[in-house]
Each structure stands twice: as C-alpha cells, then as structure tokens.
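Working notes, beginning with the structure itself.
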Amino acid sequence: RDRELLQRYGTKSTVVIPLTVDGVLASALSFAMTRKEREWPEHVVKRFQVVGQVMASAIARIRAYQALQQSQARLTLAASSASARLWEVEAGTERVWMMESGRVFFGVAPDEQLTLDRLSAFIHPDDRESWRNGIRQALQTGQPLRIEFRTVGPDSGIRWFASQGRLQVAGAGRPSRLLGVTVDITE
C-alpha cells in the first residue's frame, strides 16, 4: 500500500522517522522527494530525528493532558456524587484552591484568589479561631486534620461542616500543601 501511494504521488526518495511515545510506535514522520532520487545524508536524517522527537514529545504531552482531564472529570463526579468539596491549602502562602461547588456555596467568583484569611469570613465567628488553628497545626506538624465547624453562607444561613485533610510534603520533607475534603453534616 505504501509503495502504491508513493508511486501515485511520484515519490522518488523518502525517509521515514518513527515517532515513539513511551516505547510504543505512535506515528511516523515522512520526508519525500518527488523530482529526483536522493541520498539522505546522516546529518539531515539526524535533524529529521530531532523534529520527530519534538513531535513525539508533543503527542506525549497531549495524551498526558487528556488523561489528566479525564481523571479530573472522574474525581469531580465522584466528589459531587458524595456531596463532598475538595480543597487544598498551600504551605507558606496559605493560598486556597477549592472545587467549584465550594466557590458557589460561598458566592466566590471563579477567578477570585482565595486565602485562609478570605475564607475565614465565611466561618462562624465562634469557630474561626479553632478552624484556623486546626489548619495551621496540620500544616506545621503534619498531623491529619479533623475539624468540625459552622459556616455562615450568603444565602444558606448557618451550616455545619466536617473537614479532613492530610499534608503533602515536597522534596527534603518540606510541607507542600494540605489536601482535604469537606462534607456538610448539618442534617
């Protein structure tokens, strides 16, 4: 089939570079001459191989990105099905990421930068100090976080929540972030 195709287009000489991703052939990159036969010098083939490596890396990144999107979709579905809100607090900066459902609950814009200080405004005044201390202690000691607290939502009044979290460490055992889940236990 390849020979028929090459003849149909008048190909005289061709070089084919395999594109492998994770050791598996993903595709091939072909360079062809249609006017005359040509010997492909080694330095030219090496340049084609570099182009092939760049393309194979791009394919690998695209596949990894697609796998990450699928994983995030599954995690979001699982958390939503369990009425759980996932979050993380960066050690050092105390910046907070939370699922969209948490942002909606608190009336926080999707692009608003969240911090522990900003979120404390939503915690019941009687629970703020223990809430902050629990999170900071987990960040400093690495002990698992287990806290219950009340929130004062913009439209939902007072609600009770339970949060659990675990510290993730970076290189050299430095705290990286506190990852957790919060569940509404008002009922």
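Could I have the simple spin-label model distance between Ser71 and Glu37, label points 7 Å from Cα toward Cβ, reported in nm to one decimal?
It works out to 5.1 nm between the two label points.
Of the heavy-atom accessible surface of region 62-184 (probe 1.4 angstrom), what whole percent is carbon and sulfur?
Numbers: 3830 of 7520 Å².
Carbon and sulfur: 51 percent of the exposed surface of region 62-184.
Please report, in cubic angstrom per residue, the volume enclosed by the convex hull of the alpha-carbon atoms of region 1-111. Walk me through the numbers on the way to the answer.
Values: hull volume 24.6 nm³, N = 111.
Value for region 1-111: 221 Å³ per residue.
Any chance you could check the Cα centroid distance between region 144-187 and region 47-97 for me, in angstrom?
Result: 22 Å between the Cα centres.
Please sort by residue number the trypsin sites (Lys or Arg not before Pro) in region 16-90 whose DSSP state is loop and whose Cβ has at most 11 other Cβ atoms within 10 Å. Don't skip to the end; give the middle numbers.
On the way: sites: Arg35, Lys36, Arg38, Lys46, Arg47, Arg61, Arg63, Arg74, Arg85; in loops: Arg35, Lys36, Arg38.
Answer in residue order: Arg35, Lys36.
Can you tell me the dipole magnitude for the chain around its Cα centre, using point charges on the Cβ only (Lys, Arg +1; Asp, Glu -1), in Debye to the nearest 20?
On the way: 25 positive and 20 negative charges, 215 e Å.
Roughly 1040 debye for the chain.
For region 6-105, which chymotrypsin sites (Phe, Trp or Tyr not before Pro) are in a loop by DSSP, counting at most 11 other Cβ atoms within 10 Å?
Working: sites: Tyr9, Phe31, Phe48, Tyr65, Trp87, Trp97, Phe105; in loops: Tyr9.
Counting only loop positions with at most 11 other Cβ atoms within 10 Å, the chymotrypsin sites (Phe, Trp or Tyr not before Pro) in region 6-105 are Tyr9.
Name the trypsin sites (Lys or Arg not before Pro) in region 99-187 that are in a loop by DSSP and that have at most 13 other C-beta atoms within 10 Å, would you?
Taking region 99-187 and a limit of 13 other Cβ atoms within 10 Å, no loop trypsin sites (Lys or Arg not before Pro) are found.
Take the alpha carbon gyration tensor of region 1-47, find the square roots of its eigenvalues, order them as a ≥ b ≥ c, and report rounded if a/c is under 1.5; if not, report prolate when a/b exceeds b/c, else oblate. Walk me through the intermediate numbers first.
Values: a/c = 3.93, a/b = 1.37, b/c = 2.87.
Note, shape of region 1-47 comes out oblate.
So what does His43 come to for accessible area, using a 1.4 Å probe and Å² rounded to 10?
Around 110 Å² of this residue is reachable by solvent.
Starting from the Kirkwood Rh over alpha-carbon pairs, what translational D in µm² s⁻¹ does region 58-187 have by Stokes-Einstein at 37 °C and 0.692 mPa s?
Details: Rh = 15.8 Å.
Stokes-Einstein gives a translational diffusion coefficient of 208 µm²/s.
Apply the Kirkwood formula to region 38-93: the hydrodynamic radius equals the inverse of the mean of 1/r over all pairs of different alpha-carbon atoms; give it in Å with one decimal.
Numbers: mean 1/r = 0.0655 Å⁻¹.
It works out to 15.3 Å.
Of Ala60, Thr11, Ser30, which is farthest along the charge dipole of the chain in the positive direction, counting Lys and Arg as +1 and Asp and Glu as -1 at C-beta?
Value computed over the given set: Thr11.
Would you mind checking the tilt of helix 128-141 against the longest principal axis of the Cα atoms of the chain, expressed as 0 to 90 degrees and rounded to 10?
Orientation of helix 128-141: about 50 degrees from the principal axis.
Taking only the alpha carbons of region 66-114, what extent do you get along each of the three principal axes, in Å, biggest first?
Answer, in whole Å and largest first: 28, 23, 18 Å.
The values are calculated or read from the model by the stated rules, or taken from the named source; none is laboratory data. On a predicted model such as this, the values are computed, not experimentally measured, just so you know. Heads up, the Cβs are rebuilt from the backbone with ideal geometry, glycines too, and the neighbour counts pull from every protein chain shown. Each accessible area value is taken on the protein alone, full model and side chains, heavy atoms only, with ligands, DNA and RNA left out. Shrake-Rupley method; radii C 1.70, N 1.55, O 1.52, S 1.80 Å.
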